[in-house]
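Comments concern the structure below.
The values are calculated or read from the model by the stated rules, or taken from the named source; none is laboratory data. What you see is a predicted model; the values in this text were computed from it and never measured. In this analysis, Cβ positions are derived from the backbone assuming ideal geometry, glycine residues included, and neighbour counts consider all displayed protein chains. Surface areas here come from the heavy atoms of the whole protein model, side chains and all, with no ligands, DNA or RNA. Shrake-Rupley method; radii C 1.70, N 1.55, O 1.52, S 1.80 Å.
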Amino acid sequence: MSADTAVAEDKKTVPQRRRPPLPRLPDVEGLVARLMSREVFGVQLGVLLAILPVFVLSIGFGLVSRQGWNHPPDSRYYLPMMAKDMGHPWAEAVRMNREISPNHVAPWFFAENDPTWQMVRTRLLYPVLSIPFIWMWGLSGGSMAIPVLGDILFLWATARVVQRLYGPAITIIVVGAFSTVGPIFGFAWAGTDTLGMGLAAVIVANLPIERRIGKANLAWLGIASVFIALTRQVGVLAPAMAGAGWLWALARERTWRNRWLGSLVVTSAVTLFLQVLTMMLVKTDTVGVLGRGQTTYWGIFRQFVHYLKIVTQEAVSYMWNEQHVLLGLFVAAGVTLVVRFKSDAAAVFLGAAASTYLITAGLGFSTLMRYEMIMFPATAVAAGGLVQLMLGQYLPGAVPRQAAESAAVAARAAGIEADADGADTPLPRRGTGRLGLGLGLARSAPGRFLGLDQPREERWKPHLILGSIALAIVVGISVPGSWRSTPTAPAQDSYAAAQGGTPFAVTPLAKPDAITSLVWAFNQATEVANGHGMLDGSFDWVHDTRYRPTGPKDPGWATRDKDGTTIMHINATGMDQPAEIAFGNAVTLNRTVNKDTIHLLSRKTSEYGEDVVFTVEDKFGKVHQGRATTLYPIWEKTAPGLVTALIFDS
């Protein structure tokens with residue numbers, strides 16, 4: 001062997017130094033996936049991040065850009081209510097509203113005899129909830145917090161139930177689509193619309209849709225039914241949805257004691273109790289609203305069907321022309337009602353639609369889907385059914401933990417044995433924490449009393465106690481605050497009509513004579529009778545207005561006094577153009593009055609207005625005599641006086 005060969009062999013036997021292995025990279029993808037799958041109040045974090053940030057930024061930009069429209073005409077009730085709940089007297093509360101909102105408001109808006117105030121005064125929740133935010137941001141900014149939070153509550157609660165039923169992917173599609181529709185943004189103003197929608201979503205989230213529910217869900221249904229009644233007059237919504245679900249289950253299972261019975265009993269009992277209590281405390285006329293002057297059942301039914309047609313046309317026209325995404329969601333829900341008519345989602349959507357129709361047809365008009373917003377949560381649940389039918393095979397299913405919970409609750413309620421020993425399937429429970437504090441509290445006497453040792457679905461006492469405390473706070477603040485009314489403001493006698501002799505009377509800015517006010521009133525009424533404009537102006541939006549109706553189509557015909565006159569309210573006609581035209585014709589002698597021939601026979605003045613007897617000729621030269629009450633302007637010096645009584649002799 002040569003030396004070269006030996007050296008080569010030695011090199012082969014010498015071990016080569018190896019580089020140390022690189023450290024393993026962290027599983028960022030897995031970490032993010034686990035983080036996104038974590039739930040926050042029943043909704044995956046990934047779902048929330050896909051929906052809420054864009055929505056919050058968009059609505060924030062809208063609130064900043066639209067400025068004055070954050071406080072619409074209806075806010076002239078809610079802003080003074082907030083100020084009154086914070087301890088300010090009515091006169092000061094009205095002044096604070098005027099500094100923020102350009103909409104006319106006077107203390108008689110809150111008079112004991114005003115029907116609109118009798119309806120609004122029961123909406124206690126929104127003003128009280130706004131108080132902490134007013135402390136931070138003032139009356140203008142603080143009044144916007146709850147409407148925005150109402151939108152977020154709607155999206156969150158709806159996402160929770162849609163995710164449980166169909167999974168996170170469909171939730172992002174459906175709830176994400178709802179987060180872009182116009183009413184969600186447009187009605188996030190100083191009003192109760194979005195808060196009512198959010199509470200409706202809480203009701204839907206606790207209904208037994210494709211599952212069995214526990215006592216905690218029943219407690220939430222009761223609490224939400226109370227608070228939605230203190231937000232808007234939509235109490236029929238909850239029992240309608242629960243009733244439809246119960247009927248569906250009755251048809252399927254042939255037993256009236258099905259899983260929907262508890263929710264039907266709770267929502268119906270709470271709604272009935274609150275309705276009776278409201279009728280005892282405030283002066284409302286539900287039959288009168290639905291009947292609109294009709295005195296027979298057949299007439300009321302025909303009138304209801306007539307306005308049912310009107311609101312349907314207005315809603316569909318609005319969605320067809322401006323809100324295509326919203327129209328698509330409603331179409332999807334309607335298709336689900338047909339192709340999956342046996343499902344709970346179809347029943348809930350039908351119940352929500354029927355109750356919403358009852359409300360909107362009673363109003364007589366649909367304003368950009370404002371009054372239909374309460375059915376958005378049920379619509380989302382039904383629309384998700386069609387999306388699952390179309391895309392379910394390509395998308396992940398429902399969340400495993402939630403599906404397991406639903407199955408466990410169903411098994412427990414049905415008494416299904418989990419193993420050979422016959423033990424009931426235990427309900428999933430949350431962890432007690434690293435220190436075991438939750439377990440220790442649950443085993444204590446107070447914890448056992450509150451039911452903390454029970455499965456989450458059975459812990460009804462804490463919810464009921466907290467809800468009762470919240471209700472007591474709302475009532476305790478409202479009763480000495482915004483619940484109280486100002487004195488009656490009658491239509492005739494200018495001193496009394498302006499609430500003269502009370503702290504609520506407003507000093508006039510100018511004193512135009514009665515003839516000037518009557519000329520303006522005849523001009524405006526003639527324009528309205530010709531189908532142009534609205535009556536608000538010379539006639540106040542809420543103040544009692546007395547006149548003599550001339551036919552059954554005139555507002556207030558069915559409630560005439562013995563002298564043939566009646567009280568009507570301009571806001572009662574709302575967007576009902578035929579009623580406004582009828583009133584315009586009645587006070588202008590069918591558009592024949594010659595306003596240049598007004599002559600005063602007598603005149604009584606007060607510091608707030610005038611009461612006159614006058615004559616006027618029609619275009620045929622016939623002289624007509626009448627009485628009128630006019631109030632001096634309190635909002636603008638150049639404005640005409642208000643006419644609160646315009647009565648022609650019979």
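If I filter segment 36-56 for residues that are within 30 Å of Val542 (Cβ to Cβ), of a type in the set (Lys, Arg), at pLDDT 85 or above and open to solvent by 80 Å² or more (accessible area, probe 1.4 Å), do I get at least one hit?
Checked segment 36-56: no residue is within 30 Å of Val542 (Cβ to Cβ), of a type in the set (Lys, Arg), at pLDDT 85 or above and open to solvent by 80 Å² or more (accessible area, probe 1.4 Å).
Can you name every residue in segment 164-199 that is hydroxyl-bearing (Ser, Thr, Tyr), out of contact with any Pro (no Cβ under 6 Å at 6 or more places or on another chain) and in a helix (DSSP H, G or I)?
Selection gives Tyr166, Thr171.
Can you tell me which residue in segment 466-501 is modelled with the lowest pLDDT, limited to those that are among the hydroxyl-bearing types (Ser, Thr, Tyr) and not in a loop (DSSP other than H, G, I, E, B)?
If we take residues in segment 466-501 being among the hydroxyl-bearing types (Ser, Thr, Tyr) and not in a loop (DSSP other than H, G, I, E, B), then Thr486 is modelled with the lowest pLDDT.
Given the options Thr566, Thr545, Thr550, name the one that is open to solvent by 60 Å² or more (accessible area, probe 1.4 Å) and of a type in the set (Val, Ile, Thr). Outline the logic, then answer.
Details: Thr566 fails: open to solvent by 60 Å² or more (accessible area, probe 1.4 Å); Thr545 fails: open to solvent by 60 Å² or more (accessible area, probe 1.4 Å).
Going through Thr566, Thr545, Thr550 in turn, the sole match is Thr550.
Considering only segment 576-590, I want to know if a residue exists there that is touching a helix residue (DSSP H, G or I) at 6+ places or on another chain (Cβ under 7 Å), open to solvent by 20 Å² or more (accessible area, probe 1.4 Å) and either modelled with pLDDT under 95 or not aromatic (Phe, Trp, Tyr) (or both).
So far as segment 576-590 goes, yes, one or more of its residues are touching a helix residue (DSSP H, G or I) at 6+ places or on another chain (Cβ under 7 Å), open to solvent by 20 Å² or more (accessible area, probe 1.4 Å) and either modelled with pLDDT under 95 or not aromatic (Phe, Trp, Tyr) (or both).
Could you list, ordered by first residue, the pairs with Cβ atoms under 9 Å in which the first is in segment 498-517 and among the small types (Gly, Ala, Ser) and the second is loosely packed, with under 15 Cβ neighbours inside 10 Å and at pLDDT 90 or above, at least 6 apart or interchain?
Ala498/Glu607; Gly500/Glu607; Ala505/Glu607; Ala514/Arg603
Quick check: anything in segment 230-240 in contact with a Ser or Thr (Cβ under 9 Å, 6 or more places away or on another chain), among the basic types (Lys, Arg) and either open to solvent by 10 Å² or more (accessible area, probe 1.4 Å) or in a loop (DSSP other than H, G, I, E, B) (or both)?
Checked against the condition, which is being in contact with a Ser or Thr (Cβ under 9 Å, 6 or more places away or on another chain), among the basic types (Lys, Arg) and either open to solvent by 10 Å² or more (accessible area, probe 1.4 Å) or in a loop (DSSP other than H, G, I, E, B) (or both), segment 230-240 yields at least one hit.
I'm checking my understanding of the structure. Among residues of segment 131-163 that are of a type in the set (S, T, N, Q) and in a helix (DSSP H, G or I), which one is surrounded by the most Cβ atoms within 10 Å (Cβ to Cβ)?
Filtering segment 131-163 for residues that are of a type in the set (S, T, N, Q) and in a helix (DSSP H, G or I), the one surrounded by the most Cβ atoms within 10 Å (Cβ to Cβ) comes out as Thr158.
Taking the options Asn103, Asn70, name whichever one is under 23 Å from Gly537 (Cα atoms) and without any contact (Cβ under 8 Å) to a residue 40 or more places away in the chain.
Criteria check complete, one pass: Asn103.
Please pick out the residue among Trp189, Trp135 that is without any contact (Cβ under 8 Å) to a residue 24 or more places away in the chain and touching a helix residue (DSSP H, G or I) at 6+ places or on another chain (Cβ under 9 Å). Break it down stepwise before answering.
Working: Trp189 fails: without any contact (Cβ under 8 Å) to a residue 24 or more places away in the chain.
None of the others qualify; the one that does is Trp135.
Could you tell me which of the residues Ser140, Ser130 is out of contact with any strand residue (DSSP E or B) (no Cβ under 9 Å at 6 or more places or on another chain), at pLDDT 95 or above, of a type in the set (Gly, Ala, Ser) and at negative phi?
Of the residues listed, the single one that is out of contact with any strand residue (DSSP E or B) (no Cβ under 9 Å at 6 or more places or on another chain), at pLDDT 95 or above, of a type in the set (Gly, Ala, Ser) and at negative phi is Ser130.
Within the group Thr516, Thr488, which residue is open to solvent by 30 Å² or more (accessible area, probe 1.4 Å), of a type in the set (Ser, Thr, Tyr) and out of contact with any Gly (no Cβ under 9 Å at 6 or more places or on another chain)?
Every option except Thr488 fails the conditions.
Filtering segment 84-108 down to residues that are of a type in the set (D, E, K, R) and more than 24 Å from the chain's Cα centre (by Cα), which residue is least open to solvent (accessible area, probe 1.4 Å)?
Glu92
Working only within segment 57-79, note down all residues that are open to solvent by 50 Å² or more (accessible area, probe 1.4 Å) and of a type in the set (Phe, Trp, Tyr).
Phe61, Trp69
I want to confirm something. Restricting to segment 338-393 and keeping residues that are outside any helix (DSSP H, G or I) and of a type in the set (A, V, I, L, M, F, W, C), which single residue is surrounded by the most Cβ atoms within 10 Å (Cβ to Cβ)? Steps first, please.
So in segment 338-393, the residues outside any helix (DSSP H, G or I) come out as 340-343, 364-372.
Next, from what is left, pick out any that are of a type in the set (A, V, I, L, M, F, W, C): 341, 365, 368-369.
Numbers: Phe341: 11, Phe365: 17, Leu368: 17, Met369: 24.
Ranking the qualifying residues of segment 338-393, first place goes to Met369.
Does any residue in segment 29-41 that is closer than 20 Å to Ala157 by Cα come within less than 8 Å, Cβ to Cβ, of a residue that is assigned to a loop (DSSP other than H, G, I, E, B) and modelled with pLDDT under 85 six or more places away or on a different chain, and which pairs are these?
So the pair list comes out as Glu39/Val399.
Against the conditions (1) open to solvent by 60 Å² or more (accessible area, probe 1.4 Å); (2) touching a strand residue (DSSP E or B) at 6+ places or on another chain (Cβ under 7 Å); (3) among the small types (Gly, Ala, Ser), where does Gly501 fall short? Just the number, please.
Every listed condition holds for Gly501 apart from (2).
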